[in-house]
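First comes the structure, then the notes that go with it.
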Amino acid sequence: MIGRLTLTPSQTVGPFLHIALEWADGPYVVPDGTPGAVRISGTVYDGGGQAVPDALIETWQADPDGHFAHPDDPRDRPLARPAPRSTTLAAPPRDRPLARPAPQTTPAAPPRAEGVADSSVAAFRGFGRCPTDSDGRFWLLTVKPGALPGADGATQAPHLDVTVLGRGMLDRVVTRLYFPDDTAAHTADALLSRVPQERRHTLIAEPDGDGLRFDIRLQGEGETVFLDL
Amino acid sequence: MTRPANDLVLPYYPPVTGVHPPLNSPGYRSTALRHPVEPLVLLPQHLTEVTGPLLGAGRVGELDHDLTRQHVGEPQGQRIIVHGRVLEDNGRPVRHTLVEIWQANAAGRYRHVADNWPAPLDPNFTGVGRCITDSNGRYRFLTVRPGAYPWRNHDNAWRPAHIHFSLFGRAFTQRLVTQMYFPDDPLFFQDPIFNSVPDERARRRMIASYDHDTTTPEWALGFAFDIVLRGPEASVFEDEEDDE
């Protein structure tokens with residue numbers, strides 16, 4: 001392999017991230033009113049137990065069928081057919097043909113449908129983004145993803161990948177959110193199996209009223225398990 | 001090389017070492033309580049990690065790339081063109097990917113409720129831009145040069161002028177938020193955020209270069225800033241696909 005370019009280093013988002021990274025539709029992984037939608041909320045705490053009011057949470061996940069609308073998901077899909085290149089406005093990188101219908105990016109298309117056209121959930125985006133408020137709180141509206149194939153024939157329990165950015169954080173940290181009531185799937189999950197038993201609970205959201213709660217502790221007592229990606 | 005898992009062939013993004021700043025950087029005091037102290041747990045890359053949001057053109061408005069035309073009048077300050085390419089470290093352009101920027105105005109103040117140091121706001125400047133890279137990974141913004149501003153990290157602390165950049169690439173592994181600095185800034189020596197990057201070559205990667213070819217006569221100064229994201233290992237499989 002020939003030499004690689006030096007990467008651009010990470011820097012903090014700083015305290016003023018909201019002016020650019022707060023989107024009105026950011027927390028909506030799925031639109032309001034989506035059947036089966038669940039609200040996930042939580043608070044980000046620092047090592048002194050104080051709420052962090054200038055963090056940003058981002059999530060990425062499969063849809064309920066365990067699919068990603070992405071050219072690097074190589075699995076066949078029931079609706080798959082090559083998209084005519086000429087109608088693909090957002091052409092995939094690397095000139096790979098899309099194994100899915102072209103996104104309907106007409107001006108009338110709701111912005112939440114971007115990048116995703118073939119999910120069984122209408123306007124499923126897969127991506128969620130929410131800055132913390134003055135009390136360190138964030139929220140998302142999403143649907144539970146399906147289980148995914150893992151390495152060596154194993155199955156990964158339903159999960160969201162989570163990025164945490166913030167003032168005072170020179171790089172992102174990464175964690176995962178798992179869903180309660182998947183006890184058997186959690187036991188078989190390759191990542192959870194690597195996590196010491198007494199810390200696993202930090203990756204599993206808790207029932208909270210009609211929704212779920214997922215607090216993130218950056219440091220100290222009950223520190224969230226962060227991942228080396 | 002790719003790593004087969006079951007019968008899936010997925011890209012593999014090699015680990016990054018020595019480029020990103022340590023989360024515990026005592027010179028930047030706010031890192032003290034905001035870095036994990038427990039060891040990180042290895043997350044094997046699989047479907048969720050090698051895919052990511054492909055946020056499209058519906059996200060970007062007509063004037064989002066031109067921060068000087070988002071209000072009734074023009075903002076104060078030196079007009080600049082900031083342009084470059086988003087690349088993977090294997091040299092491939094990252095096409096059609098969302099680039100988000102935000103910055104202080106020419107006086108060094110952000111349009112944010114929490115920024116209240118005594119420098120004027122500019123009614124004609126929001127300081128937020130978005131665009132999508134083209135098929136060669138190129139992006140381009142028109143804006144004004146941001147001012148330096150003081151903060152309370154240490155005695156007489158000033159942030160060098162900078163523009164924040166947020167990038168998605170095409171996979172969760174590639175997510176990057178960084179800052180672009182200007183060449184020869186005299187404030188670098190005392191800035192713990194810039195200097196948190198241990199490797200000098202990597203630090204230089206964050207500094208735009210003055211680009212006279214882009215400078216437009218009687219209009220605006222040009223700066224070039226390429227952004228390099230962690231890329232996947234190449235594979236014979238991929239190369240074959242690219243030849244189709």
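There is at least one residue in the range B:92-107 that is of a type in the set (S, T, N, Q), farther than 24 Å from A:TRP60 by Cβ and at the interface with chain A (Cβ under 10 Å from one of its Cβ atoms). Remark: B:ARG109 falls outside the filter, which requires a residue to be surrounded by fewer than 18 Cβ atoms within 10 Å (Cβ to Cβ), charged (D, E, K, R), touching a residue at least 12 places away in the same chain (Cβ under 8 Å) and out of contact with any helix residue (DSSP H, G or I) (no Cβ under 9 Å at 6 or more places or on another chain). Restricting B:ARG95, B:ARG69 to those that are assigned to a loop (DSSP other than H, G, I, E, B), among the basic types (Lys, Arg), modelled with pLDDT of 95 or more and surrounded by 18 or more Cβ atoms within 10 Å (Cβ to Cβ) reduces the list to B:ARG95.
Taken over the range B:47-77, the residue count meeting the criterion of being over 21 Å from the mean Cα position of the chain (by Cα), polar (S, T, N, Q) and away from chain A (no Cβ under 14 Å) is 1. Out of (1) facing chain A (nearest Cβ under 7 Å); (2) outside any strand (DSSP E or B), what's the single condition that is false for B:PRO118? Every listed condition holds for B:PRO118 apart from (1). Checked against the criterion of being crowded, with 16+ Cβ neighbours inside 10 Å and either more than 11 Å from chain B (Cβ to nearest Cβ) or more than 17 Å from B:VAL41 (Cα to Cα) (or both), the candidates A:PRO149, A:PRO180, A:PRO207 yield just one match: A:PRO149.
Screening the range B:72-92 for residues that are within 30 Å of A:ASP228 (Cβ to Cβ) and of a type in the set (A, V, I, L, M) and picking the one that is surrounded by the most Cβ atoms within 10 Å (Cβ to Cβ) gives B:VAL86. For first residues located in the range B:164-176 and over 14 Å from B:ASP226 (Cα atoms) and more than 7 Å from every other protein chain (Cβ to nearest Cβ), partners that are in a loop (DSSP other than H, G, I, E, B) and of a type in the set (Lys, Arg) and lie 6+ apart or on another chain with Cβ distances below 7 Å form the pairs B:PHE168/B:ARG175; B:GLN174/B:ARG230.
Could you list, in sequence order, the residues of the range B:78-91 that are more than 7 Å from chain A (Cβ to nearest Cβ) and not in a strand (DSSP E or B)?
B:GLN78, the sole residue that qualifies.
Might you check whether a residue that is at pLDDT 50 or above, more than 8 Å from chain B (Cβ to nearest Cβ), under 16 Å from the mean Cα position of the chain (by Cα) and part of a loop (DSSP other than H, G, I, E, B) occurs anywhere in the range A:66-87? Within the range A:66-87, one or more residues are at pLDDT 50 or above, more than 8 Å from chain B (Cβ to nearest Cβ), under 16 Å from the mean Cα position of the chain (by Cα) and part of a loop (DSSP other than H, G, I, E, B). Checking each residue in the range B:26-46 for being under 25 Å from the mean Cα position of the chain (by Cα) and either in a loop (DSSP other than H, G, I, E, B) or among the aliphatic types (A, V, I, L, M) (or both) picks out B:PRO26, B:GLY27, B:TYR28, B:ALA32, B:LEU33, B:ARG34, B:HIS35, B:PRO36, B:LEU40, B:LEU43, B:GLN45.
The values are calculated or read from the model by the stated rules, or taken from the named source; none is laboratory data. Here the structure is a predicted model, which is why all the values come from computation and not from measurement. Virtual Cβ from ideal backbone geometry, glycine too; neighbours counted across all protein chains shown.
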